[in-house]
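In what follows, a structure is listed as structure tokens, so that the remarks can point back to it.
We did not get these values from a lab; they are worked out from the coordinates using the rules stated. A quick note: this is a predicted structure, and the numbers were derived from the prediction, not measured. Virtual Cβ from ideal backbone geometry, glycine too; neighbours counted across all protein chains shown.
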Amino acid sequence: MYALTNCTIYTSQSILNEHAIIIENDLIKAIVHHDDLQKHIKCVDLQGANISAGFIDLQLNGCGGVMLNGAETEQTLEIMQATNLKSGTTSYLPTFITDADNGIKRMLNVTRDYMQKNKNQVLGLHLEGPYLSIEKKGIHRPKFIRKADKEMISHICANSDVVTILTLAPENNSKETIQQLCQSDIIVALGHTNATYAQAKEGIESGISCATHLFNAMSPFEGRAPGVIGAIYDNDIYAGIIVDGFHVSYESIRISKKMMGEKLYLVTDATAAAGSNIDSFDFVGTTVDYKNGKCTGPDGSLGGSAVTMIESIEQMVKFVGVDLYEALRMATLYPAKAISVDHKLGSIEPGKIANLSVFTNDYKVLATVVNGSYKLS
């Protein structure tokens with residue numbers, strides 16, 4: 001048992017000063033006023049830093065010089081987790097984009113093995129594809145984009161303990177497919193979709209509860225054709241958004257935050273460039289160049305991001321105009337709610353898992369706590 005002291009605590013419900021967080025084993029045991037802290041408890045002085053629940057990233061293709069696609073191993077997941085900790089992310093969904101069935105099956109097995117050994121870190125797999133729209137494919141390889149087949153959908157559903165989110169294009173998938181996935185407790189997200197408003201709404205009515213990287217690779221909002229974005233705004237579903245200054249304008253983020261409130265959460269959609277010093281990397285057969293914070297393919301299109309979660313939070317505050325308290329909720333509580341793990345993660349409360357992030361007022365991550373274990377960054 002130990003206590004974290006001399007810090008500003010962002011619990012996700014309130015902001016506390018002159019309080020301490022007591023951690024016992026892997027849990028938050030209590031939050032107490034400094035005056036009520038028992039003298040025998042070992043203390044870690046955070047020297048005035050901020051502390052919040054650990055950040056949760058629901059879309060992460062790679063980081064630390066590695067990409068998940070093409071390196072489907074536990075070592076890759078371990079590198080991603082270690083890189084995440086340097087920027088305050090304690091839990092994440094490794095994101096495996098469009099591939100052949102054999103690649104998906106291999107990734108399912110690797111993820112399960114890793115999760116069994118490492119609790120509350122990888123929270124499941126995000127399968128981004130392969131049941132997408134060719135018109136909105138982005139960097140996904142068109143040769144692997146396909147219609148869903150019953151056998152593979154049944155296999156994915158049988159592995160729902162590992163698959164947390166599956167992103168698909170609702171216009172190319174039946175109501176029955178969406179319902180089968182949802183009934184297996186897989187969160188179905190719409191993304192890489194050219195759907196009309198009506199098609200997106202029909203998918204939402206069938207069980208879609210989330211949207212992947214709002215604005216990117218989806219039909220836009222127009223006065224006479226509100227498209228996917230209009231359906232998201234109009235139907236109270238969750239959506240992740242990339243706040244790197246390249247994928248979405250800060251004005252559009254600000255408007256979306258006003259429209260969606262607590263349903264909008266931060267994702268990085270990060271690639272190998274995040275948390276590394278590389279100039280380029282391979283993204284499923286395409287060479288992506290990294291320069292001045294931006295990842296671009298040979299045709300100039302965006303090839304994922306290089307942003308970290310702490311940078312996303314900083315940019316929400318500085319450029320979008322959201323206060324730190326709310327920006328932190330977008331990186332902790334809201335993603336936890338979106339995937340229904342808020343009973344154990346996403347806020348600082350007694351009885352919850354002690355996954356925490358410690359950072360300064362100038363957004364430097366000093367330390368993290370994972371399953372109760374304190375580690376300097």
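Say each of residue 225 and residue 25 gets a label point 7 Å from the Cα, pointing the same way as Cα to Cβ; how far apart are those two points in nm? Taking the two extended label points, one gets 5.7 nm.
Taking a straight line from the alpha carbon of residue 105, these lysines sit under 21 Å away, with near neighbours fewer than eight places off in the same chain left out: 117, 143, 147, 150. The calculated P(r) of the stretch 53-103, using every Cα pair and 5 Å bins from 0, goes 5, 22, 32, 22, 12, 5, 2, 0 in percent. What residues from the stretch 164-182 fall in the zone where the backbone N is under 11 Å from a label point 7 Å along the Cα-to-C-beta line of residue 340? Residues passing the 11 Å test: 182. Partner lysines whose Cα lies under 23 Å from the Cα of residue 294, excluding those fewer than 8 positions away in the same chain, are identified as 86, 136, 137, 318, 364.
Taking packing as the residue-averaged number of other Cβ atoms within 10 angstrom, the listed peptides 74-82, 112-120, 192-200 run from highest to lowest as 192-200, 74-82, 112-120.
Over 5 Å intervals from 0, what percent of Cα-Cα pairs in the stretch 109-186 sits in each interval? All Cα pairs, binned at 5 Å, distribute as 3, 15, 25, 22, 17, 12, 6, 1 percent. Charge tally around residue 140: other residues with Cβ under 12 Å, Lys/Arg +1 each, Asp/Glu -1 each, net +2. With q set to 0.13, 0.14, 0.18, 0.19 Å⁻¹, the log10 of I(q)/I(0) for the stretch 21-79, from the Debye formula over equal scatterers at the Cα positions, is -0.61, -0.66, -0.79, -0.82. For the stretch 43-83, list residues with backbone N below 14 Å from a point placed 7 Å from the Cα of residue 277 toward its Cβ? Answer for this model: 65. For the chain, pairs of C-alpha atoms spaced more than 29 angstrom apart make up 39 percent of the total.
Taking the Cα centroid of the stretch 301-369 and of the stretch 109-173, what is the distance between the two, rounded to the nearest whole Å? Cα centroid to Cα centroid, the span is 24 Å. As a rough footprinting exposure proxy, the listed residues 250, 290 were ranked by other beta carbons within 10 Å of their own, and the order from fewest upward is 250, 290.
Listed peptides 294-302, 329-337 appear in the order 329-337, 294-302 once ranked by packing, highest mean of other Cβ atoms within 10 Å at the front. Listed by chain and number, the aspartates and glutamates placed with their C-alpha closer than 16 angstrom to that of residue 291 are 244, 279, 282, 299; residues fewer than eight positions away on the same chain are left out. DSSP bridge analysis restricted to the stretch 55-338 gives an antiparallel fraction near 25%, rounded to the nearest 5.
Loop-resident GluC sites (Glu not before Pro) (DSSP state other than H, G, I, E or B) in the stretch 206-279 with no more than 14 further Cβ atoms inside 10 Å of their Cβ: 222. On the basis of the beta-carbon distance and an R0 of 51 Å, residue 35 and residue 179 show a calculated FRET efficiency of 0.40. The distance between label points at residue 47 and residue 71 comes to 3.3 nm (points 7 Å beyond Cα on the Cα→Cβ vector). Debye sum, Cα scatterers, the stretch 282-350, no solvent: what log₁₀ I/I(0) at q = 0.24 1/Å? So the normalised log intensities are -0.95.
Dividing the summed -39500 (n - 2.57) terms of all DSSP H runs of n ≥ 4 by the residue count of the chain sets its mean residue ellipticity at 222 nm at -7500 deg cm²/dmol.
Once C-alpha pairs closer than 8 Å and six or more residues apart are averaged by separation and normalised to the residue number of the stretch 55-338, the relative contact order reads 19 percent.
For the stretch 1-147, the equivalent ellipsoid built from the Cα gyration tensor has semi-axes of 40, 16, 12 Å, listed from largest to smallest.
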